[in-house]
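Note sheet for the following structure.
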Amino acid sequence: MASKLYIGGLSYSTTNESLRDAFAQAGTVTSATVIMDKMTGRSRGFGFVEMGSDGEAQAAIQMWDGKELDGRRIKVNEARPMEDRPPRRSNSGGGNGGGNWN
């Protein structure tokens, strides 16, 4: 069991501090991050909490999974490692760029 947890279904009003405070009830929180949208600056509705130990992470899952935080029912489970993703397509070059076909 890893000590990093995925937290889904967060309210847009949940902050890093309120997430940290909530999970501190289950043990030592080493980090708490609400993921923010780069364009709007608004929460994307999920985040990650890293607990001090595997036992504390398990306690946090049991304490918070399916419970309400800031008016929303949240989902808490072990975070999976980030997978390699193919590079995004570039918008530069190619395409049907007009011009004269004659």
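Where a number appears in this text, it was derived from the coordinates with a stated rule and is not lab data. These numbers come from a predicted model, not from an experiment. Heads up, the Cβs are rebuilt from the backbone with ideal geometry, glycines too, and the neighbour counts pull from every protein chain shown.
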Neighbour cut-off at most 15 other Cβ (10 Å), DSSP loop, trypsin sites (Lys or Arg not before Pro), segment 44-76 | K67
Could you tell me which of A57, S43, G27 has its Cα farthest along the dipole of segment 17-90 towards the positive end, charges placed at Cβ (Lys, Arg +1; Asp, Glu -1), taken about the Cα centre?
-> S43
So how far apart, in nm, are the two label points at T40 and D54 if each is 7 Å from Cα heading toward Cβ?
-> 3.9 nm
Label D84 and Y6 with points 7 Å out from Cα along Cα→Cβ: what is the distance between them in nm?
-> 2.0 nm
Hey, what's the Kirkwood Rh for segment 4-78 if you take every pair of different alpha carbons, in angstrom?
-> 12.0 Å
Step through the residues of segment 26-34 one at a time and calculate ³J(HN,Hα) from phi using the Karplus curve (6.51 cos²θ - 1.76 cosθ + 1.60, θ = phi - 60°), rounding each to whole Hz and writing x for Gly and Pro.
-> 9, x, 6, 9, 8, 7, 9, 9, 8
